[in-house]
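The values are calculated or read from the model by the stated rules, or taken from the named source; none is laboratory data. Since we're looking at a predicted model, the values are computed, not measured. Cβ placement follows ideal geometry from the backbone for every residue including glycine, while neighbour counts extend to all protein chains displayed. Keep in mind that these areas ignore ligands, DNA and RNA; they rest on the heavy atoms of the full protein, side chains included. Shrake-Rupley method; radii C 1.70, N 1.55, O 1.52, S 1.80 Å.
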Amino acid sequence: MAKELPKTYDPQSFEDRLYKFWNDNGCFKPCGDKTKPTYTIVIPPPNITGQLHMGHALDNTLQDILIRWKRMSGYDTLWVPGTDHASIATEAKIVAAMREEGLTKEDLGREKFLERAWDWKEKYGGRIVSQLKKMGSSCDWSHERFTLDEGCSNAVREVFVRLYNKGLIYRGERIINWCPHCRTSISNAEVNYETQKSHFWHIRYPLVGGEGYLEVATTRPETLLGDTAIAVNPADERYKDLIGKYCVLPLVGRRIPIVGDEHAQLDKGTGCVKITPAHDPNDFLVGKRQHLPMEVCLTEDAKITDNYPKYAGMDRYEARKAILKDLEEGGYLVSIEDLDHEVGTCYRCGTTIEPMISLQWFVKMVPLAEPAIAAVKEGKTRFVPERFDKNYYRWMENTQDWCISRQLWWGHRIPAFYCDACGETVVTKDSSAVCPKCGKPMRQDPDTLDTWFSSALWPFSTLGWPEKTDDLKRYFPTNTLVTGYDIITFWVSRMIFSSLEYMGEVPFDTVLIHGLVRDAQGRKMSKSLGNGIDPLEIIDKYGADALRFALATGNSPGNDMRFSDEKIEAARNFINKIWNAARFVLMNLDIEEVALPAADKLELEDRFILSRFNTVISDVTAALERYELGVALSKLYDFIWDVFCDWYIELVKPRLFAKGTESNLVAQNVIAWVLSSAMKLLHPFCPFVTEEIWQTLPHTGLSIMISDWPKASDALSFPVEEAQMSRIIDVITAIRVRRAEMNVQPARKTHLFVSGDPAVFNEKATPFFVRLAFASAVDYPAAHEDDTAVRIVTDSATVLIPLADLIDRDKEIARLTKEKDAAQNEITRLSAKLNNAGFLAKAPAAVVDAERAKLAAAQAKLDNIESSLAKL
RNA sequence: GGGGGCGUAGCUCAGUUGGUUAGAGCGUAUGCUUGACAUGCAUAAGGUCAUUGGUUCGACCCCAACCGUCCCCACCA
């Protein structure tokens, strides 16, 4: 006797148990079978700063769907999990937590601070891992990695040293983006721009030794303190003669030269630009070209330096006010103009960044970007959807050198050592370096690396690189990277150029891009709006399968999606539907094992469902191969609910209830086989419920997770019977429609007279009409004589229902006449198409044949209608 | 200033190389305790596929323009 399922679907009762079952049985590990092809995914490592949010839930659902599908499809699969130390984000959180205790980093010192950071990692890194498990993620936890673990750190040092020796990493004074709040440099990619209302202030700079002055416009009057020149365009007739002369810097009194430089544009403003080389990226370049001094006037926390006593210690905005006031009083301020200004802000804390001249480490990008662009152009790595390659090219082609040093403690320490005695610099993996020149101990650079520097190595550092490990040989390059479009520049592009540089090949063949998960109103989920939906709460309430279903359905690659109660409820309802269908099947099952019966034992509805299922296998598999996971899922949804539950189960019920017959055994086997196989197709999307059902059904093998993915086959294809069954279904539907229109109570059963193709419409169809079309009895006359009955006409049959009391003859005639007109219009339309020489000549034969078949069907229907009308 | 997405039923969205009379979920209406499921069953209403042209035997789909909307990139003093 078959097992049973509990009456209500309660995901809480089995999800955790099944996850443990899989884990205990090693189902997540690669099978290691060398005869199988490999399929590898590396997880985008979640930051240890927080907990799982909807973006992670989506990202990991998609990855798990792919890896589970490939695992069942005969691949040796590896999904490498892990977490990211997220240097600036984590450090900011720890510093904030310390502030609660009244502590600063400096109070603690580097060692103690790092101890705290590691404690943080244990706590929050562990939490996010358990949350990933809750989602059902089938990662191989024995491969779990952390971007700051020993292996990744070794990879980071190796890369740094190699790039340095190759001249691709250098240290230099450049203008960098400085965050005065985080007190560190950040890369260009970490700067967000936002529009702020501001002003152009027009200021006069008096000429030295003359009466006149030059007028400049600026959005940043406080940087005037750092001005070291005024630039005019050398071709500008207005100022040509002033080049080489001097201005007096207002308020400061310093003499600054007037230089000729292309940076100054003739048609912009007054044509004169103040040059602040230490605090503006463009001015920095002008300063280099013109050999100007770099005058620093702002400190690391964006206050005025002690060089300017009047303003020293003032915050940059305070100083702006004070300086403007003094300019006005001194008669230097000419005018004020309103302006919308794009201002760079720190992507972590939102503070307005301050461009500053600073000594930092950089990666030279152009030599790395070129092969990375070529690799994608050559199709070695493919973006899905394809359009995202434009983002990638755009960024890669315009990339500037990457500032990688950070004035933070939580991260990979830069493996550069300085000799204070002789000034030597050594870059080495050896942490106890002594100066090769003078033998004195060396001081390691205090800074750490941009967190993305280690993320860039993730696809191979996690597999053991720089060691030549077996994992690396077998599982690299990986196959699919699944990530959001917001991270293409930060991460995807850097992995590609890194992998090309060190591994000599691309890190993955496909990048599957997904969008953002938004709230029901389409807003971005954010802490400040308080509109975030916690995936864990959703799992508690609806189960992980429902969450996964809701995330995988109804969206296509690269597009944002909305998450709503409506959606999660629809998902839960579907799973509940499956649960109950499985329950029903099990209630009627007394076979010990499931085997697909020989074809000659199969009845019409069996062949119909198998044939439809065969199509679903192909459709779902094809959609997955195209990364259209939402399409694959909707095909399954339609099949399971509309075809399997609503039709097949209903059609086969009489046989399932008639125990002790061969037909009953055939029905049991078919229904169980289709259910079991459908669970396999659904398993990647809803792993828990499909496993629970599969294990309850008679089965062989340990887990559905490692069962074989169904294969479409000619043995399952019965096009003739599929079409025949469809005709019966059409007639049943037509009867229901007529009865509903006429408000016939369901309790009122009637005799049916069905005439049509005797191969289809014969006594074998009677149970279907009895159960599904309110029939008390069915006859299959060759022709209809009763002119007092309701007439229903399809293209394959005519049905008479003796409901004389409900008939209005005139209305019947009117209705049939209307249908006749419709059929005639259809015939006219199709005939016109089939008489079009262009169509016949150019359309594919299959299309033409299909149109001819339609015409024949329409003609048959018209004939049926006409003969019915003749009877009235 | 560049680049890209989106615009399809009241709402949220699908629509697989161009090939009937464009689909789903939710919502709405009507009727149902039908031997699993009311988290259900049956039936229905609801769309000039933003607009205008073009290509084609044939366009929701390809091309151009335009309107609306969202996003990304960018050093505009």
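A few notes on this one:
- For segment A:554-563, filtering for residues that are open to solvent by less than 50 Å² (accessible area, probe 1.4 Å), out of contact with any Pro (no Cβ under 8 Å at 6 or more places or on another chain) and part of a loop (DSSP other than H, G, I, E, B) leaves 2.
- Residue check, A:Phe768 aromatic (Phe, Trp, Tyr), surrounded by 13 or more Cβ atoms within 10 Å (Cβ to Cβ) and away from RNA strand B (no atom under 15 Å from the Cβ): no
- Verdict on A:Gly32 being of a type in the set (Gly, Ala, Ser), out of contact with any helix residue (DSSP H, G or I) (no Cβ under 8 Å at 6 or more places or on another chain) and surrounded by fewer than 19 Cβ atoms within 10 Å (Cβ to Cβ): yes
- All positions within segment A:598-610 that are in contact with a Phe, Trp or Tyr (Cβ under 9 Å, 6 or more places away or on another chain) and either part of a loop (DSSP other than H, G, I, E, B) or at pLDDT below 95 (or both): A:Leu602
- Selection status of A:Leu586, farther than 18 Å from A:Ser634 by Cβ and either modelled with pLDDT of 95 or more or touching a strand residue (DSSP E or B) at 6+ places or on another chain (Cβ under 8 Å) (or both): yes
- Search result, residues across segment A:641-691 that are open to solvent by less than 10 Å² (accessible area, probe 1.4 Å), among the polar types (S, T, N, Q) and in contact with a helix residue (DSSP H, G or I) (Cβ under 6 Å, 6 or more places away or on another chain): A:Asn664, A:Thr690
- Residue check, A:Ala623 in a helix (DSSP H, G or I), modelled with pLDDT under 95 and open to solvent by 10 Å² or more (accessible area, probe 1.4 Å): no
- Any chance A:Ser707 is of a type in the set (Gly, Ala, Ser) and within 16 Å of RNA strand B (Cβ to nearest atom): no
- Every pair of residues 6+ apart whose Cβ atoms lie under 8 Å, when the first sits in segment A:387-403 and is touching a residue at least 12 places away in the same chain (Cβ under 8 Å) and in a loop (DSSP other than H, G, I, E, B) while the second is open to solvent by less than 20 Å² (accessible area, probe 1.4 Å) and near RNA strand B (Cβ under 10 Å from one of its atoms): A:Arg387/A:Gly558
- Residue within segment A:807-816 that is closer than 19 Å to A:Leu752 by Cβ and open to solvent by 50 Å² or more (accessible area, probe 1.4 Å) present: no
- A:Thr817 vs. criteria within 23 Å of A:Thr733 (Cβ to Cβ) and assigned to a strand (DSSP E or B): no
- Residue in segment A:223-242 that is modelled with the highest pLDDT, counting only those that are within 12 Å of RNA strand B (Cβ to nearest atom) and of a type in the set (Asp, Glu): A:Asp227
- Residue that is farthest from A:Ala860 (Cα to Cα), among those in segment A:830-845 that are more than 10 Å from RNA strand B (Cβ to nearest atom) and assigned to a helix (DSSP H, G or I): A:Ala845
Per-residue answers, yes or no, for (1) under 30 Å from A:His199 (Cα atoms); (2) open to solvent by 80 Å² or more (accessible area, probe 1.4 Å); (3) assigned to a loop (DSSP other than H, G, I, E, B); (4) not small (Gly, Ala, Ser):
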site: A:Phe362; (1), (2), (3), (4): no, no, no, yes
site: A:Gly423; (1), (2), (3), (4): no, no, yes, no
site: A:Val426; (1), (2), (3), (4): no, no, no, yes
site: A:Ser432; (1), (2), (3), (4): no, yes, yes, no
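- Helices (runs of 4 or more DSSP H) fully within segment A:44-140 that include at least 3 residues being of a type outside the set (Ser, Thr, Tyr) and crowded, with 20+ Cβ neighbours inside 10 Å: A:54-72, A:87-100, A:126-134.
- Elements of the type helices (runs of 4 or more DSSP H) sitting completely within segment A:632-716 and holding at least 1 residues that are touching a His at 6+ places or on another chain (Cβ under 8 Å): these cover A:662-682, A:687-696.
- Pick from segment A:194-222, criterion within 10 Å of RNA strand B (Cβ to nearest atom) and among the polar types (S, T, N, Q), ranking: nearest to the chain's Cα centre (by Cα): A:Thr195
- Members of segment A:185-201 found to be surrounded by 18 or more Cβ atoms within 10 Å (Cβ to Cβ) and out of contact with any Phe, Trp or Tyr (no Cβ under 8 Å at 6 or more places or on another chain), listed by number: A:Trp201
- Residue pairs meeting the criteria (Cβ under 7 Å; at least 6 apart or on separate chains; first without any contact (Cβ under 8 Å) to a residue 60 or more places away in the chain and over 15 Å from A:Trp694 (Cα atoms), in segment A:650-676; second among the small types (Gly, Ala, Ser) and surrounded by 19 or more Cβ atoms within 10 Å (Cβ to Cβ)): A:Val652/A:Ala667; A:Arg655/A:Ala667
- Residue list for segment A:141-184, filter: part of a strand (DSSP E or B), open to solvent by less than 10 Å² (accessible area, probe 1.4 Å) and of a type in the set (Val, Ile, Thr): A:Ile169, A:Ile176, A:Thr184
- Subset of segment A:739-765 [surrounded by fewer than 20 Cβ atoms within 10 Å (Cβ to Cβ) and either assigned to a helix (DSSP H, G or I) or touching a residue at least 60 places away in the same chain (Cβ under 8 Å) (or both)]: A:Ala740, A:Glu741, A:Met742, A:Val744, A:Glu763, A:Lys764
- No other residue among A:Val616, A:Val631 is of a type outside the set (Asp, Glu), within 13 Å of RNA strand B (Cβ to nearest atom), in contact with a Lys or Arg (Cβ under 8 Å, 6 or more places away or on another chain) and open to solvent by 10 Å² or more (accessible area, probe 1.4 Å) apart from A:Val616.
- Selection of segment A:728-750 for residues being charged (D, E, K, R), closer than 20 Å to A:Leu651 by Cα and within 7 Å of RNA strand B (Cβ to nearest atom) yields only A:Arg736.
- Segment A:519-553, subset crowded, with 17+ Cβ neighbours inside 10 Å and among the charged types (D, E, K, R), residue nearest to A:Thr8 (Cα to Cα): A:Asp545
- Qualifying residue in segment A:142-152 (condition: in contact with a helix residue (DSSP H, G or I) (Cβ under 6 Å, 6 or more places away or on another chain), in contact (Cβ under 8 Å) with a residue 24 or more places away in the chain and more than 22 Å from A:Gln360 (Cα to Cα)): yes
- Taking the criterion of being of a type outside the set (Val, Ile, Thr) and either away from RNA strand B (no atom under 16 Å from the Cβ) or buried (at least 19 other Cβ atoms within 10 Å of the Cβ) (or both), the residues of segment A:349-360 that qualify are A:Cys349, A:Glu354, A:Pro355, A:Met356, A:Ser358, A:Leu359, A:Gln360.
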